[in-house]
1. Among the listed pairs K178/K276; K54/K276; K192/K330; K91/K178; K97/K192, give every one whose C-alpha distance is greater than 23 Å.
2. Are there chymotrypsin sites (Phe, Trp or Tyr not before Pro) in the range 267-342 that DSSP marks as loop and that have at most 16 other Cβ atoms within 10 Å, and which are they?
3. Got the relative contact order for the range 167-303 handy, in percent, Cα pairs under 8 Å and 6 or more residues apart?
4. Set the Förster distance to 22 Å, then compute FRET efficiency between E382 and A205 from the Cβ-Cβ distance, nearest 0.05.
5. Rounded to the nearest Å, what's the spacing between the alpha carbon centres of the range 177-216 and the range 75-117? Just the number, please.
6. Work out the FRET efficiency for S77 and A396 from their Cβ-Cβ distance, taking R0 = 51 Å, and round it to the nearest 0.05.
7. Step through the table entries K9/K250; K250/K400; K9/K406, compare each Cα-Cα distance with 22 Å, and write down the pairs that go over it.
8. Would you mind telling me the share, in percent, of accessible area of the chain contributed by carbon and sulfur at probe 1.4 angstrom?
Amino acid sequence: MVTASDMLKLLDSRNPGFSLERAFYTDPDIFSLDLEHIWYREWLFAGHVCELPKTGSYITLQVGEYPIMIVRNADGSVRAMHNTCRHRGSKICKDEKGTAARLVCPYHQWTYGLDGQLLFARHMSSDFDKTQYPLRQIACEVVENAIFISLAETPSDFNLVRDHIVPYLGIHRLRDAKIAHESAIIEKGNWKLVWENNRECYHCAANHPELLRSFPENSSAVGLAGERVDPDVTELWTRCETAGIASQFKANPSGQFRTTRQPMLGDAVSYTMDGKAAVTKPLSDASVAGHLGALLFYHYPSSWNHFLTDHAVTFRVLPISPTETAVTTKWLVHKEAVEGVDYDVDRLTHVWIQTNDEDRRVVEDNAAGIQSPAYQPGPYSEEIEGGVMQFVNWYADTMKPRLEGKADIPFRSVA
């Protein structure tokens, strides 16, 4: 059994600039510690407000051991609650999404309002007090159509995220978006391998022929703060900032989230095979600065995003087991765009459907190799894998004080 103390020793002895020891990608005890100290504490991207179009609309997701539901309340607000009946614990909403006038447990029909208050429970004693058994609430915040949740009883200040992202997202009009398509895949690899793969394009030339028609492989194209910045990036930032469009590289001091605007290859304006727009009714009307490139936003541990002029693509990462991770991708277009008229779903999604499957394969090959007892941590490329090192450093720097009992954010327990 790997204890918190054992894990702390492994982190203390790690070689900076090298991949982690095998146990970080395979061991069930370390996976449990990851859940406890990261996934049950941090703000997690859950979905989009536009997925809850009317009163009673709900979506569900699973974070570690916790089934969760997010519901549009009668007053229009969005609530997140544990999807666990207060009677004997049965899951209430079993579908991934749907609409319900009331939240009715299918086991014994305990019935809750959309705000989680218990309304009805059959065959309980006359002195049974329904007010004592509401569904347990989860911290929930909405920013520019995105829903974030936190399982922590006392979450960190979400305004840090809100203040960071709002200036960048305004022109992308996500409040006017709808989901045009979504896909979910299971990658047979630890969640950290999924992120490590995402944070570099070292692998792109050999694995992503579709993506590289519009996405620059050069790592400097993301505008690494304080390091080499591609002239194309500087030109894009200057042009956009002059037009009042926030674009420059900005990262939270902890490294947990970062935003930057990245140019696309040549004349490309969208992630399509010909680089041309996939949607004729654009999501953003900010054409004053010409090509806007792609706004990139990641937020550890659960999301990375690409916001373009014509559409947006969001990715949600959720751990399933030490060696399995769910990646859900959603394509957002303007809410008035009509499929078959303003966009074709296959054209809109082709590049990232292919890229996701290619990433799944390389992550699974990576995971399979790490399973070997012969695996030893190897050196990252300082030239092109700076993003991977940044992620691994964030992971280690986040875990170490928590394993030592020196929590860096107020935390008592899971709500």
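1. Beyond 23 Å between Cα atoms: K54/K276; K91/K178; K97/K192.
2. The qualifying sites: there are none.
3. RCO, the range 167-303: 27 percent.
4. The computed FRET efficiency comes out at 0.75.
5. Cα centroid of the range 177-216 versus Cα centroid of the range 75-117: 34 Å apart.
6. About 0.85, to the nearest 0.05.
7. As for pairs spanning more than 22 Å Cα to Cα, those are K9/K250; K250/K400.
8. Roughly 49 percent, rounded to a whole number.
The values are calculated or read from the model by the stated rules, or taken from the named source; none is laboratory data. Here the structure is a predicted model, which is why all the values come from computation and not from measurement. For neighbour counting, all protein chains shown are included, and Cβ atoms are generated from backbone atoms with ideal geometry for every residue, glycine included. With ligands, DNA and RNA removed, areas are computed over all heavy atoms of the protein, side chains included. Shrake-Rupley method; radii C 1.70, N 1.55, O 1.52, S 1.80 Å.
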